[in-house]
1. Would you pick out the residues in region 56-66 that are more than 16 Å from F5 (Cβ to Cβ) and assigned to a loop (DSSP other than H, G, I, E, B)?
2. Within region 74-83, restricting attention to residues that are closer than 18 Å to L26 by Cα and open to solvent by less than 80 Å² (accessible area, probe 1.4 Å), which residue is farthest from the chain's Cα centre (by Cα)?
3. Tally time: how many residues in region 45-59 are surrounded by 15 or more Cβ atoms within 10 Å (Cβ to Cβ) and either of a type in the set (K, R) or touching a residue at least 24 places away in the same chain (Cβ under 8 Å) (or both)?
4. Condition test on T86, is it open to solvent by less than 40 Å² (accessible area, probe 1.4 Å), β-branched (V, I, T), in contact with a Ser or Thr (Cβ under 8 Å, 6 or more places away or on another chain) and under 21 Å from N11 (Cα atoms)?
5. Which of the numbered conditions does F5 fail, given that it passes all the others? Conditions: (1) modelled with pLDDT of 90 or more; (2) crowded, with 18+ Cβ neighbours inside 10 Å.
6. Exactly one condition in (1) closer than 13 Å to T79 by Cβ; (2) open to solvent by 20 Å² or more (accessible area, probe 1.4 Å) is not met by A66; state its number.
7. Going by the conditions given, is E25 acidic (D, E), over 17 Å from L90 (Cβ atoms) and crowded, with 16+ Cβ neighbours inside 10 Å?
8. When you go through T38, T86 one by one, which is the residue that is among the β-branched types (V, I, T) and over 21 Å from K4 (Cα atoms)?
Amino acid sequence: MGRKFFQTLLNAGSWYVCGGNSMGELGLGDNVNRTELTPIGSFDSLIPGNYHVLARQGQQLTVWGANNMGQLGLNDNITRHSPYNTGQNLFPM
(Lines give C-alpha, C1' and ligand atoms only; values in the text may rest on other atoms or scores of the structure.)
Protein backbone atom coordinates (compact mmCIF):
# COMPACT_ATOMS: atom_id res chain seq x y z
CA MET A 1 0.00 0.00 0.00
CA GLY A 2 1.32 3.41 -0.97
CA ARG A 3 0.65 6.77 0.64
CA LYS A 4 -2.89 7.30 -0.73
CA PHE A 5 -3.35 4.31 -2.99
CA PHE A 6 -3.84 0.57 -2.73
CA GLN A 7 -2.77 -2.49 -4.75
CA THR A 8 -4.02 -6.04 -4.43
CA LEU A 9 -3.31 -9.35 -6.09
CA LEU A 10 -6.64 -10.92 -7.04
CA ASN A 11 -5.58 -13.97 -9.05
CA ALA A 12 -2.43 -15.56 -10.48
CA GLY A 13 -0.28 -12.48 -10.90
CA SER A 14 -3.05 -10.03 -11.89
CA TRP A 15 -2.75 -6.82 -9.89
CA TYR A 16 -5.49 -4.25 -9.33
CA VAL A 17 -5.18 -0.68 -8.04
CA CYS A 18 -7.40 2.10 -6.66
CA GLY A 19 -7.13 5.35 -4.76
CA GLY A 20 -5.21 8.58 -5.21
CA ASN A 21 -3.37 9.04 -8.49
CA SER A 22 -2.06 12.62 -8.45
CA MET A 23 1.42 11.54 -9.64
CA GLY A 24 0.46 8.58 -11.83
CA GLU A 25 1.14 6.15 -8.99
CA LEU A 26 -1.64 3.84 -10.18
CA GLY A 27 0.19 3.34 -13.50
CA LEU A 28 -2.93 3.79 -15.61
CA GLY A 29 -1.58 6.45 -17.98
CA ASP A 30 -3.24 9.44 -16.30
CA ASN A 31 -3.60 11.18 -12.94
CA VAL A 32 -7.30 10.45 -12.33
CA ASN A 33 -8.20 9.00 -8.90
CA ARG A 34 -9.98 5.62 -8.97
CA THR A 35 -12.68 4.54 -6.48
CA GLU A 36 -13.01 1.02 -7.90
CA LEU A 37 -10.33 -1.66 -8.28
CA THR A 38 -8.82 -1.34 -11.77
CA PRO A 39 -6.52 -3.91 -13.40
CA ILE A 40 -2.91 -2.78 -13.85
CA GLY A 41 -1.29 -5.92 -15.25
CA SER A 42 0.58 -9.05 -14.32
CA PHE A 43 3.66 -8.80 -12.12
CA ASP A 44 5.41 -11.16 -9.73
CA SER A 45 5.54 -8.45 -7.08
CA LEU A 46 4.86 -4.74 -6.51
CA ILE A 47 6.73 -2.50 -4.07
CA PRO A 48 4.92 0.79 -3.41
CA GLY A 49 6.60 4.01 -2.37
CA ASN A 50 4.80 7.19 -1.32
CA TYR A 51 3.78 8.17 -4.87
CA HIS A 52 5.61 5.60 -7.00
CA VAL A 53 5.81 1.84 -7.58
CA LEU A 54 8.55 -0.65 -8.45
CA ALA A 55 7.30 -3.87 -10.04
CA ARG A 56 9.08 -7.10 -10.84
CA GLN A 57 8.15 -9.51 -13.63
CA GLY A 58 10.68 -12.31 -13.88
CA GLN A 59 14.04 -10.55 -13.98
CA GLN A 60 12.62 -7.28 -15.41
CA LEU A 61 12.14 -4.11 -13.35
CA THR A 62 9.20 -1.85 -14.24
CA VAL A 63 8.56 1.51 -12.52
CA TRP A 64 5.94 4.27 -12.55
CA GLY A 65 4.70 7.28 -10.60
CA ALA A 66 6.43 10.29 -9.07
CA ASN A 67 10.06 10.83 -9.95
CA ASN A 68 10.66 14.41 -8.78
CA MET A 69 13.65 13.28 -6.71
CA GLY A 70 14.85 10.52 -9.04
CA GLN A 71 13.18 7.80 -6.95
CA LEU A 72 12.46 5.68 -10.04
CA GLY A 73 16.21 5.29 -10.63
CA LEU A 74 16.07 6.39 -14.29
CA ASN A 75 18.70 9.14 -14.13
CA ASP A 76 16.06 11.85 -14.68
CA ASN A 77 13.20 13.59 -12.86
CA ILE A 78 10.37 12.74 -15.27
CA THR A 79 7.18 11.39 -13.68
CA ARG A 80 5.85 8.25 -15.41
CA HIS A 81 2.06 7.80 -15.48
CA SER A 82 2.33 4.37 -17.15
CA PRO A 83 4.49 1.33 -16.37
CA TYR A 84 8.00 1.87 -17.77
CA ASN A 85 10.30 -1.09 -18.30
CA THR A 86 13.75 -0.01 -17.17
CA GLY A 87 15.55 -2.64 -19.24
CA GLN A 88 17.44 -3.65 -16.09
CA ASN A 89 17.84 -7.34 -15.42
CA LEU A 90 17.45 -8.29 -11.79
CA PHE A 91 18.92 -11.25 -9.99
CA PRO A 92 16.63 -14.29 -9.98
CA MET A 93 14.64 -14.84 -6.80
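1. Pass one, region 56-66, residues more than 16 Å from F5 (Cβ to Cβ): 56-62.
Passing the criteria: G58, Q59.
2. The selected residue is T79.
3. Residues of region 45-59 that are surrounded by 15 or more Cβ atoms within 10 Å (Cβ to Cβ), as a first pass: 46, 48-49, 51-57.
Narrowing further to those that are either of a type in the set (K, R) or touching a residue at least 24 places away in the same chain (Cβ under 8 Å) (or both): 46, 48-49, 51-53, 55-56.
The qualifying residues number 8.
4. On the way: open to solvent by less than 40 Å² (accessible area, probe 1.4 Å): yes; β-branched (V, I, T): yes; in contact with a Ser or Thr (Cβ under 8 Å, 6 or more places away or on another chain): yes; under 21 Å from N11 (Cα atoms): no.
When the stated conditions are applied, T86 does not pass them.
5. That leaves (1) as the condition not met.
6. Only one criterion in (1) closer than 13 Å to T79 by Cβ; (2) open to solvent by 20 Å² or more (accessible area, probe 1.4 Å) is unmet by A66, namely (2).
7. For E25, the condition - acidic (D, E), over 17 Å from L90 (Cβ atoms) and crowded, with 16+ Cβ neighbours inside 10 Å - is met.
8. Numbers: T38 fails: over 21 Å from K4 (Cα atoms).
So the residue among T38, T86 that is among the β-branched types (V, I, T) and over 21 Å from K4 (Cα atoms) is T86.
The values are calculated or read from the model by the stated rules, or taken from the named source; none is laboratory data. Since this is a predicted model, take the numbers as computed values, not measurements. Every residue, glycine as well, gets a Cβ built from its backbone with ideal geometry; the counts of neighbours run over all protein chains shown. We work out accessible area using only protein heavy atoms, side chains counted, and drop any ligands, DNA or RNA first. Shrake-Rupley method; radii C 1.70, N 1.55, O 1.52, S 1.80 Å.
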